[in-house]
Amino acid sequence: MRSSWKKSIRIALEIVVLLVVLCLIWGFFIEPNRLIVHQETIQIDNLPKELSGLRIALIADIHTGGPFIDDNKLRKIVELTNQQNPDLILLLGDYMSPNSWHSHRVEPEITAAALKDLKAPLGVYTILGNHDWWYNGEKVRGAFEQNGIKVLEEEVAEVKWKDKSFWLAGLADLMTRRQHVDETIAKAPAGSTIIALAHNPDIFPRLPQTVPLLLAAHTHGGQVNIPLIGTPIVPSRFGSKYTAGHIFENGHHMFVTTGIGTSILPIRFRVPPEIVILTVKS
């Protein structure tokens, strides 16, 4: 009986070790190399009916030079996004990776040259993230603008669709830049419909009530989502509140994409890299 009990424990331990090894293989070598299209629909009550059905592609946190993020992956991002035929494409920052044991720096001109092939009838716009500014924000901005992609750094842009205009407002990165949220929003005409872009979702509580929708990134969805536990580490001072997906708070909406690359640790577990196709409806 005792021998049988010991054998059962040994088998159980071997199964646990095997599961841990399989999870590590999946998290370090398989899931970070995936790329899914995440379809999401948000209903916004005060959205003009003329804008209902607008399809926005969200791409963020590419971190070129990180694990599995090379020229081939950049081409795949472009091809897969264009296949969805979005009306508008928004890039939410963090193109750069540092030189580390698992990543290497790739100059922004390479990333921008690949992303210039993104196509949408309403255009392609971007903001910058903390990694871009830690490297050289002006250089990153120049690389994108030289490739025909408009950078919104505390700037607004009018977008016309179905005989109706709305405005994009690009907010400065929360970690690396001084914030002028109200001043940036005020650059759009009073009473206009505004979609704000911010790399870091922690700016959401500071968003004026006149802005119905904020689009953000930065968190990578926590990168690791453990069953029954959730996401142990989220780079947000609000904990897991703004980890990913659709958040409705204080009368306005935010959507946070989990992005594509990795940071700090080259792992993703149950948080696959994603391109989001967000449909907004009134």
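Taken together, the values in this text are just the output of simple stated rules run on the coordinates, not laboratory data. Please read all numbers here as calculations on a predicted model, not as lab measurements. All Cβ positions, glycine included, derive from the backbone under ideal geometry; neighbour counts span all protein chains shown.
Give the peptides 92-98, 248-254, 26-32 in descending order of average Cβ contacts within 10 Å, highest first.
Values: 92-98: 26.0, 248-254: 14.7, 26-32: 17.9.
Result, highest mean Cβ count within 10 Å first: 92-98, 26-32, 248-254.
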Fill in: THR193 long-range amide H proximity, modeled H, under 5 Å
TRP167
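For a protection proxy built on the mean count of beta-carbon atoms within 10 angstrom, sort 14-22, 180-188 highest first, please.
180-188, 14-22
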Response to the item:
Taking Cα atoms only, helix 71-83 is inclined relative to the longest principal axis of the chain by an angle, in degrees rounded to 10, of 60
Discussion item. Which entries of LYS162/LYS281; LYS139/LYS160; LYS119/LYS150 have Cα-Cα distances beyond 19 Å here?
Written reply: LYS139/LYS160
Response to the item:
Listed by chain and number, the residues whose amide H is under 5 Å from that of LEU54, excluding neighbours fewer than 5 places away on the same chain and using placed H, are VAL280
Worksheet item: In whole angstrom, how far apart do the alpha carbon centroids of segment 33-90 and segment 5-24 sit?
Response: 40
Item to complete: Could you pull the Rg and Dmax for the chain, using just the Cα atoms, both in Å?
Response: 20.4, 81
Worksheet entry | Where Rh is the Kirkwood radius over Cα pairs, Rg/Rh for segment 147-211 | 0.97
Worksheet, complete the sentence: Residue by residue through segment 207-213, the couplings from Karplus 6.51 cos²θ - 1.76 cosθ + 1.60 with θ = phi - 60°, in Hz, x for Gly and Pro, are 6, x, 5, 6, 9, x, 9
Worksheet, complete the sentence: In whole percents, the bins of 5 Å from zero upward hold the Cα-Cα pairs of segment 93-225 as 2, 10, 19, 21, 20, 15, 9, 3, 1, 0, 0
Worksheet item: How big is D, in µm² s⁻¹, for segment 15-143 by Stokes-Einstein at 10 °C and 1.306 mPa s if Rh is the Kirkwood radius over C-alpha pairs?
Response: 96
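GLU107 to LYS241: extension gain in nm, 0.36 nm per residue of separation minus the Cα-Cα distance?
Numbers: separation 134, 0.36 × 134 = 48.24 nm, distance 3.34 nm.
Full-extension gain reported as 44.9 nm.
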Worksheet, complete the sentence: Non-local residues with an amide H under 5 Å from the amide H of HIS199, with H modelled 1.01 Å from N and Pro and chain starts lacking one, are LEU174
Worksheet item: Hey, what do the phi angles of segment 22-33 turn into as Karplus ³J(HN,Hα) couplings, whole Hz, using 6.51/-1.76/1.60 and θ = phi - 60°, x for Gly and Pro?
Response: 5, 5, 5, 4, 5, x, 9, 10, 10, 4, x, 9
